[in-house]
Every structure is written in C-alpha cells, then in structure tokens.
Amino acid sequence: MIISTGTASGKSLAYLTPAVASCLDGGTVLYLTPTKALAADQLRGLRELRVTQLRAACFDGDTPFEERTWIRQHANYVLTNPDMLHRSILPRHAQWSSFFRRLRMVVVDECHGYRGVFGSHVAQILRRLRRVCARYGSQPVFLLASATASEPGAFAMRLTGLEMAEVTSDGSPKGATTIALWEPPLTELRGERGAPVRRTATAEAADLLTDLVLAKVRTLAFVRSRRGAETVALTARAKLADVAFSLAGTPVDGSSSTASAPAGGNPGALPTPSTTPPPSDQGTAPPGSEQGALSWGASVPVPESESESADWAALPDRIAAYRAGYLAEDRRLLEKALRSGSIMGLATTNALELGVDVSGLDAVLIAGWPGTRASLWQQAGRAGRDGQEALAVLIARDDPLDTYLVHHPQALFGQPVEAIVLDPDNPYVLGPHLCAAAAEIPLTDADLPVFGPTTPNVLDDLVTEGLLRKRPAGWFWTKRERATDLADIRGGGGAPIQVVESATGRLLGSVDEPSAHTTVHTGAVYLHQGETYLVELLDLEAGVALVGGAEPDYTTFARDVTEISVLASLRSHDLGPGSLHFGEVEVTRQVVSYLKRRLQSGEMLGDEPLDLPPRTLRTRAVWWTLPASEVAALAEEGFDLGGAAHAAEHAAIGLLPLFATCDRWDIGGVSTELHADTGLLTVFVYDGHEGGAGFAERGYARATDWLTATREAIASCECERGCPSCIQSPKCGNGNEPLDKRGAIHLLDTLLRSAPAAS
Ligand SMILES: [Zn+2]
Ligand SMILES: [Zn+2]
C-alpha cells in the first residue's frame, strides 16, 4: 500500500500503528528512509512510545560494530537506508536469517525521493529484498509513504514490482494558503553578451523576510545552499537593526526613516535618519545598509509604548539560520523557539525538510523553484498553524523555468503534481543488481520475472562479459570481488570519484565519473548537504576530488561542448511540418571551462578554461527536425537559424524538468542547423546518464506541452535579445553564442503549427 498525502497529515501514525502491532505480535519490521537523519528522528519517536517489547535500532554506516550483532539477533524494528540494505544487509542475509524469517512489514518512507537513476537502483534493491525474504519463507507487506504524487499506485508498483493499493485522500485540517509568485526585477548589471541580470532570489528573500518579521509574521525561508541561507538571515538581521536604530527611543514620524544616507559619508557609518540625531551609545553599526531601511521605511509601524520600542530593538535577534547536521537537542530547541515566537524568521536549506517538526508558521518563502510541484506544495504546506490562513511566496531565480512559472500560474494551480519517473529496466542499473542477487543466492529461471522483462537479455550479456556463469542450476557469481561494488546506487554507473576533504581526509561522498567533470572539476564550488566547498584538484586517474571548506562569494557552472550521433530511432511521429523522435544516441561531451557568477548579484565574473578529456555516453534522446523548405522560409525572414535552434534547445532543457521530474543538470542538449545523421535542422535533448533515465522518453511523450511551454517561456521574458531567464544557459559550452531569441519563437511556432486539416 502507498499513502500519498500532504505534509503533516499523519502518515507516520498510519504506518506506525500496524508496524508496532506486528512487532508486539512476534514479527519484525524493516524501515527504510533515504537519509540517516530521518532514521534517527524516527528512532527517537519510537522510543518515546515506551513499548518495552519494541526493540528498535538504527543500522547504518555509523552503527558501532559491537552493536551490529545485537541488532541482527535481537532488534525487531530496524531502521536503515537503501545503501545499507544493498551493501551490508542483503549480501549477509544469512546472518539476518531470524530477522528475515519473521519479517512482516517493510516501511518505505519519503519514497518520492526514489526517482531517476537512484530510484531505479532502489527498485532493484527492493526486488532483491523480496527474493531474500522468499528464501526465508516470509512475504512482508510493503507500506510506502510519500508526499503527494500523481498516480502514486503506479509509481509504487514500479518501485516495488508489486500490485499496490493507494491512499490519497487527505483529511487533515488546513486553513487557506495564499500563494504569491514573485519575479525579481532586472538590474543595471550586465552579464554574458551584455544580457541584463535579474536581482537574485536570495536578495529578494532577505527583503521579504525583513518585511514579514516586522509585521510579526512567523516566517520560514527556504534557500538552496547553507551559505545562501546564512546570507539571507544576516541581511535580514542587518535590515532589522536599521529599523531598531531608526526607532530607538525617539518619537518617529513615518517618513523620517526614508531619508537617504548622506553622500560620501564615512563608509562605516550608518545612514542617518534626517530628523533623528543618532544616539551616542550606538556602538554597533550593522553592515550592508545601503538598501537598509530605505526601501520600506514608510511602512514601518510606529512603536506606541516604551516596551514596544524595546521590542523593536530585539528584533534582529529573532532571525536565525538553520542547516543540516545539527544535533537532535539543537533542533528541539529551535522547534521550541519557533513555536513560542522567540524566533520569528528562519532561513534554511531544505535540510529542514528532514528532521525538524515545524508547525507554528504563518508564512513560507521559497527562493527559487524547488524542482517539482510536489516539493513546492510540501514546502508551502509548512505554513499555517492550527488551521489558520497562511502565506507562501515563490521567488523566481534567473532561469527559464522559474520565469515561465511566475508568468504562468496555470502551470502550478489546478495541475496534478508530477509523476515520479524511474526506469528499473535500464540495463546499466539492472546488470549490477543481477550480479549482486546471484551473489546472494544463485539466480534461477523462477527468479527472472521478479527483475523485469529485460532480465533474460541482460543475463546473457553478463555471461558474455564473464561476470556471471551459467550452469544447469542457474546463474552464479564466481568472482572473488564483492558483486555489490558494481552498482553505485547514488551515482550513474562507472567507477565513482571520491570527494575527500583535503585537510582532514574525510570522505564527503562520491560522484559518478561522468558527473565529476561537471560538478567536481578543479575550481568548482561543490555543495554537500548545504555546506560549500571549493574543489582544489580533480584527479581522474586516482579517482579523487580534493576539496576544502570555503566561503567563495560566487557559484560555478561547468560548460561543455557536445557532439551527438544517432544510433537508432526507436519511435517517431510527425510534429507540425517536422518530425519528433525518441531513440538511442551516442554523446561525446567535453567540459571545456567553467563560468563564475557572483552569489548575491548574479553578476558574471569570468570563464576559466579546464583541461578534461572528452567522455562518451550511450544514452537516450528526444529530438526534432524541421524540413529544409521551412528552414529556408525562416532564413528569408532574416532569422539566424543556428542561433534560433540553439536558443530553443537551451530553453527546452530549462523547461523539461516541469514534465519529467529531473534537474536541468540531469539532461543535456545539442542543436544544429544541419545534422550529419538527419540531414536536417535538428535539436536534441538527451539523458545525461549512461543508458538513459527516462527523462528524454517523458519529453517525447509530452512534446507538444513541453515545447509550447518552452515557446511561452521565451516569449514572456521581457528582455530584448535573451538573458539567463529565457534562452541563455549557464552550462553552454559555446559561451551562449549564437542565440536568436525572436528566431527561436518563430522556429517553435513553425514546429507547433498543426498540419493543415485535410479537406
Ligand atoms: Zn530573457
Ligand atoms: Zn549552448
């Protein structure tokens, strides 16, 4: 069964009740979550139940060796993650035999996180788990919990391989939420090719947080990075300090605080409200006050009494920043402070999604599209205490998808949330898990249906490659190596690059080799659980990226040049005068440089060259072509066709995540006025993972909607010739050249023009 309902609707209670009952009845329960932090929180909740027969324990990478034996033999409620199940529990199933024999229920919590390649791996791990359970004679019930998703039953079936019932009606009390879509203005700053740059979402978030806290609205701001969250908190505090200063102990008339700072004043000094002499005891000047009180001074409420005035002075201390990795006690303190109102504003990475129970909020600010409607509603659902009305503001980033969404509310409201896409049949995912399964218990013909329809073919390939041996009794893993090492479940296949902190030797994580070129190249700013690191060196031969903790005031974007060749068109149909294809391609991609952009302003700081080898990727792509006659007609109108196709490609990559639940970094594109394999003007969008991940396929299935949205995103941006909000891409290996904004609109119009109706 899958329960798919909103934030704080009581999902935990729904699975805890039968799970605990199973334990009291002599059974065991396996609880899976994507993160250790969530497992730790669940464990705390279970212990608070004070049920003595319940022997719950976390089993993860941090579990001390001496505790592991106890857990295997005595625990009846084991909390773990897919990684541990894959690497440790399933390969050593014999040591867990008494646990598996009594296994009644498998709880898969937060299962909307299992999408794309990672989700496909988890799907195969769950199939291995089912096979091991069958070996010990148990047939556990799978109970999945997910944020709201469309067609949750179909997703759950793909994830587990089992028929699934779905529970989707959410009866929890909720007040109305007002949703605001907020587009920051274009600034005077100029970016690449003289394009205008928008004010950043974090700068706008800091302003809004200040205004809301002043209005005594308890507000949570979601920001992408920890550094971004801290910047928002610091900026808002500085602004509140300005207010406190301009109101400090003096009668203030509403207009006084709108006065400008004296020109050419002492750089360290505060802007001085014109009618209020600065008090002599003002020793701490808040930094960064050039915008400070000025922009909203007129709306500042006037304190009515001495005590309220003192209240204002304490305002800056009521804003805090939160990040991942806080201890449970700190999190509890924070929850208390938010509930009591001693903290009014909190800026956080989405680390807060996991592990903190925040229920007393009035407003939520979301700096940048969180990737899916499902996450948007999940974050917005944090606002609204005790069924009261609430506010949620989505602040657009300088990006085509964000721009499209703030101009097209209909893409958000009244739309079902996204289907969660995964493709467990991808041979690059399935192969390693078949090896792991054979190492656990030799595979027989009877096992094949468990692993899906492509299993026989993939098994043949594994035998040919010498990874498995076929004997009359089945398929065997006969190598000395651990079969589980073949699958890098959080990456995309290939030997992963280890990300190591150079000062301490601590392993932060791993990145699959193709992604390493774009995410951990030398000089890259690398984000890990909201913390910022700078990559000192990427050593591909050693398989290591050395990083150091750093606080650079810029972000980096790797830029690549790509060539693509068509191996096979698997499906195709007409699209307007052109045609649309889905098929297998070979992509040769070389990361050539990286772009640096200032964090606060979005200003471009330069393009640094890189020396990395080209990589070849066999994957799947969606592409469209336009006949020569149409192309010639557009060229006659004076459009630059290469620039038009290139602009359409960039915007299409930006918009695909609206339809395929991917990140723009999961996909890539190539566009050309004349492609060698098609002989036509062609635009490709491909899956950036070996073997494909289902994103391009989704683009093919939703092509008309996707390309219509792409056209709209370009047309609705008010810039003249293209900017990062529409057709410029931060990862363009050609430095965003050539691009033709009007040409792209006409090109897409041509493609989307339905064929003249037959008479
Ligand atoms: Zn634009
Ligand atoms: Zn480009």
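The values are calculated or read from the model by the stated rules, or taken from the named source; none is laboratory data. All figures in this text were calculated on a predicted structure; none of them were measured in a lab. Using ideal geometry, Cβ is built from the backbone for each residue, glycine included, and neighbour counts are taken over all protein chains shown.
Criterion applied to Ala635, Ala693 was being away from ligand 1 (no atom under 16 Å from the Cβ), closer than 21 Å to Leu567 by Cβ and at pLDDT below 95, and the one residue passing it is Ala693. As for the stretch 671-680, it holds no residue that is among the hydrophobic types (A, V, I, L, M, F, W, C) and crowded, with 20+ Cβ neighbours inside 10 Å.
The residue pairs whose first member lies in the stretch 714-738 and is in contact (Cβ under 8 Å) with a residue 24 or more places away in the chain and assigned to a helix (DSSP H, G or I), whose second member is more than 15 Å from ligand 2 (Cβ to nearest atom) and of a type outside the set (Lys, Arg), and whose beta carbons are closer than 8 Å, counting only pairs six or more residues apart or on different chains, are Ile714/Ile745; Ile714/Leu748; Ala715/Ile745; Ser716/Thr403; Ser716/Tyr404; Ser716/His407; Ser716/His408. Under the condition of being within 18 Å of Cys723 (Cα to Cα) and within 13 Å of ligand 2 (Cβ to nearest atom), the residues counted in the stretch 617-668 number 14. Can you confirm whether the stretch 242-260 contains a residue that is of a type in the set (D, E, K, R), more than 16 Å from ligand 1 (Cβ to nearest atom) and at pLDDT 85 or above? Yes, the stretch 242-260 has at least one match.
The single condition among (1) within 28 Å of Gly669 (Cα to Cα); (2) in a helix (DSSP H, G or I) that Val535 does not satisfy is (2).
Before we move on, is Gly452 modelled with pLDDT under 95 and under 23 Å from Pro82 (Cβ atoms)? Criteria met by Gly452.
Among the residues of the stretch 180-233, those that are of a type in the set (Lys, Arg) and closer than 30 Å to Tyr533 by Cβ comprise Arg190, Arg198, Arg199, Arg224, Arg226, Arg227.
Checked against (1) within 26 Å of Tyr428 (Cβ to Cβ); (2) crowded, with 24+ Cβ neighbours inside 10 Å, Phe142 passes all but a single condition, namely (2). Here is the figure for the stretch 367-401: residues that are within 26 Å of Lys741 (Cβ to Cβ), without any contact (Cβ under 8 Å) to a residue 40 or more places away in the chain and aliphatic (A, V, I, L, M) total 0.
Taking the stretch 174-202, which residues are among the polar types (S, T, N, Q) and in contact with a Lys or Arg (Cβ under 7 Å, 6 or more places away or on another chain)? Within the stretch 174-202, Thr187 is the sole residue that qualifies.
Residue by residue through the stretch 170-200, note down the ones that are of a type in the set (Gly, Ala, Ser) and within 16 Å of ligand 1 (Cβ to nearest atom). Scanning the stretch 170-200 gives Gly191, Gly194, Ala195.
On the stretch given as the stretch 711-747, residues that are within 16 Å of ligand 2 (Cβ to nearest atom), modelled with pLDDT of 95 or more and not hydrophobic (A, V, I, L, M, F, W, C) total 3.
Do the conditions hold for Thr750, that is, is it assigned to a helix (DSSP H, G or I), in contact with a Pro (Cβ under 7 Å, 6 or more places away or on another chain) and more than 16 Å from ligand 2 (Cβ to nearest atom)?
Judged against the criteria, Thr750 is a match.
Kindly indicate whether any position in the stretch 172-193 is within 16 Å of ligand 2 (Cβ to nearest atom) and of a type in the set (Asp, Glu). Looking through the stretch 172-193, at least one residue is within 16 Å of ligand 2 (Cβ to nearest atom) and of a type in the set (Asp, Glu). Residue count for the stretch 453-470 under the criterion of being in a helix (DSSP H, G or I) and free of Cβ contacts under 8 Å to residues at least 12 places away in the same chain: the result is 3. I'd like to check something: does the stretch 647-658 contain any residue that is at pLDDT 85 or above, of a type in the set (A, V, I, L, M, F, W, C) and surrounded by fewer than 22 Cβ atoms within 10 Å (Cβ to Cβ)? Checked against the condition, which is being at pLDDT 85 or above, of a type in the set (A, V, I, L, M, F, W, C) and surrounded by fewer than 22 Cβ atoms within 10 Å (Cβ to Cβ), the stretch 647-658 yields no hits at all. For the stretch 11-100, no helices (runs of 4 or more DSSP H) sit wholly inside it while including 3 or more residues that are in contact with a His (Cβ under 8 Å, 6 or more places away or on another chain).
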